[in-house]
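Coordinate-derived values only; no laboratory data. For clarity, every value in this text was computed on a predicted model and none was experimentally measured. As a convention, Cβ positions derive from the backbone with ideal geometry for all residues, glycine included, and neighbour counts pool all protein chains shown.
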Amino acid sequence: MFKILKYTKTKEWFFVFFSLILIIGQVYLDLTIPDYMNEITILLQTNGGVDQILINGLFMLLCALGSGVLAVAVGFISAKIGAEFAKRLRNNLYNKVSTFSTLEMNKFSVASLITRSTNDVTQVQQMVTMSIQILIKVPIMFVWAIIKIVNKNWQWSVATAVAVSLLLLSVTIISILCVPKFKKLQKQTDEINNITRENLNGLRVIKAFNAEEYVENKFDKTNKNLTKTNLFTGYTLSFINPIIQLVMNGLSLSIYVIGAFIINSATQLNNKVSLFGDMIVFFSYAMQIIAAFMMLIILFMILPRAQVSCKRINEVLATKSSIIDGIGVNPKQKGTIIFENVYFKYQDAEEPILKNINFEINQGEVVAIIGSTGSGKSTVINLIPRLYDTTSGNVLIDGENVKNYKLSELYDRIGYVSQKSVIFSGTVESNVSMGTKNNKKISQSEVEEAINNSQSQIFVQNMNGSYQAEIHRDGANISGGQKQRLSIARALARKPEILIFDDSFSALDFETDKKLRQVLSKEFNGTTCVIVAQRIGTIKNCDKIIVMDNGQIVGIGKHKQLLKNCNVYREIALSQLSKEELGYDA
């Protein structure tokens, strides 16, 4: 847990030290009040003057007010430190997650990372805030109060020690029962977030298949487990207050009963008055000790969950991305891609998904990759921008190994359109112009040109606001084909050396598909294009077609060559088009 404190700044440690001084002053004022109570008690027993009683009462009031002011100051400072610390922690988590490759994202899961960045950080923030107010104050108050009462009376001291021991025993037992449940609670929170996220994202599919009952049962099971754990910790922690009240009332009764016997056994009146004053003061200090434990128990209710949260946050911050910056290169080529004996295996998989992949793409070529579902097409594509790294073999861009590139340099060379269109909340323009090219922002004219090239101009101009039209989260207010075209426009706006389309034409109608390919061949003539596609009509005019099956290349060539020489390609082609449409003469 203490590892996370390295994210604090020197300024915050200064405020903690300043809070320490304020807390010492607060404890001093709190523990001075019983001394004035003792003086007033003695004055009442000895017929002291009203003026003296009022003066002591005034000092008590001033101590109480001073203690209150210092408590407010400490609360303000601790809240500020906690909020600033949480802000920096969330920022560090966000920056760290931004460096993760797909491998690390799969390791933690999106739902878990969201929980760690929100709920877990909140738990740590509460811990920091409460620790400054309580963890510092309690030991000071506890030790100071004990010093004050240590020489008063050994019988009262024994009663207080028994009360403190009972509290310690109770807290230890409750801690043993609750801490493992707190760890389980955070994992179950991850699970319920994950299921909720899945259900909301797949709401249309759930309704279409009448699967409401299935997902309700799935959610209900996880929800009941979370509720059960919460109830257990809640019920267990609910014993704390009754135990404190019982011990506090028992200690009060013990002090007065013991005091009654001690005062009754005194022979002289002055001794009885002095013992009565001591009993009042001792009682006040004993209550301060119990109050210190009460505050400590409040912290205890937060600390176990915060400890688990600290561990979960540290797991993310300590994870190193498997995709790291290279040393930087100065390539002499432009727009070339070479795969040399590439093998790739997903984490925990027994067999590689890609086996001995070898091909070469020259600048300006339009190359298609086709194959059956699960043949490894998208995996090949993902190795080019280093979404994954090869298990063995090399991927060369412009004659240099992709692992030697600085990631920003590599991404500047590539325009990537993913299989699933990703649209962000904002405007049409902000979605197309996001990112940079060689550290330069995409201009308005480049945005308009990209939208025109991606065949998006008609629907964009018809939107309310045109280029400044509002786009909802995940493009909820536009169709799948419109989202796909905006994703393509985003890639085209950067005018990269290499364009990668991972099955990006599947949501487009045939006419739009044809027009887009014509634009690519005309406006992006010198740009290397790699297209993963299922439609033969989309790829049959490509310069080169790579056919994959079961993670291996089973054919490379042009459309007509593959029809004659590659059984896999021929089967795919004949399943979509007739022999006449294919120009195939068996």
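Model label points for Val69 and Asn106, set 7 angstrom from Cα along the Cα-to-Cβ axis, are 6.3 nm apart. Amide H contacts of Lys406: Gly326, Gly328, Val329, each under 5 Å away and 5 or more positions distant or on a separate chain (H built 1.01 Å from N in the peptide plane; Pro and chain starts excluded). 3J(HN,Hα) along segment 187-204: 5, 5, 5, 4, 4, 6, 5, 5, 5, 4, 4, 4, 5, 5, 5, x, 4, 5 Hz, from the Karplus curve 6.51 cos²θ - 1.76 cosθ + 1.60 with θ = phi - 60°, whole Hz, x for Gly and Pro. For Lys148, list the lysines whose Cα falls under 18 Å from its own Cα; do not include residues on the same chain fewer than 8 positions away. Reachable lysines: Lys137. Close amide H partners of Gly555, meaning residues 5 or more places away or on another chain with modelled amide H under 5 Å apart, are Val547. Karplus-derived 3J(HN,Hα) values for segment 218-234, using 6.51 cos²θ - 1.76 cosθ + 1.60 with θ = phi - 60°, are 5, 5, 4, 4, 5, 5, 5, 5, 5, 5, 4, 5, 4, 5, 4, 5, x Hz; glycine and proline are entered as x. The relative contact order of segment 2-318, computed from alpha carbon pairs under 8 Å that lie at least 6 residues apart in sequence, is 31 percent. The angle between the Cα long axis of helix 137-149 and the longest principal axis of the Cα atoms of the chain comes to about 10 degrees, rounded to the nearest 10.
Bridges between two residues of the chain, per DSSP, are antiparallel at a rate of about 55%.
Annotation: the residues Leu492, Leu563, Leu61, Leu20, sorted from fewest to most other C-beta atoms within 10 Å of their own C-beta, follow the order Leu61, Leu20, Leu563, Leu492.
Using the Cβ of Asn525 as centre and a radius below 15 Å, the other residues enclosed give a net charge of 0, where K and R count +1 and D and E count -1.
Once C-alpha pairs closer than 8 Å and six or more residues apart are averaged by separation and normalised to the residue number of the chain, the relative contact order reads 14 percent. Per residue, the average separation of C-alpha pairs within less than 8 Å and at least 6 apart gives segment 422-495 a relative contact order of 49 percent. Backbone amide hydrogens, once placed in the peptide plane, bring Leu499 within less than 5 Å of Gly415, Thr528, Cys529, Val530, excluding anything fewer than 5 places away on its chain. Using a cut-off of 23 Å between Cα atoms, the listed pairs Lys420/Lys560; Lys515/Lys558; Lys355/Lys403 include Lys420/Lys560 as exceeding that distance. Computed from backbone phi with θ = phi - 60° and the Karplus coefficients 6.51, -1.76 and 1.60, the 3J(HN,Hα) list for segment 67-83 is 4, x, 4, 5, 5, 5, 4, 5, x, 5, 5, 5, 5, 5, 4, x, 5 Hz; x is used for glycine and proline. If you plug the beta carbon distance of Ser265 and Val179 into 1/(1 + (r/R0)^6) with R0 = 45 Å, you get a FRET efficiency near 0.40. Full extension of the chain between Lys87 and Tyr28 gives 17.9 nm of extra length, using 0.36 nm per residue less the Cα-Cα distance. Full extension of the chain between Glu580 and Glu212 gives 127.8 nm of extra length, using 0.36 nm per residue less the Cα-Cα distance. When Thr32, Thr196, Thr172 are sorted by how many other C-beta atoms sit within 10 angstrom of their C-beta, beginning with the fewest, the order is Thr172, Thr196, Thr32.
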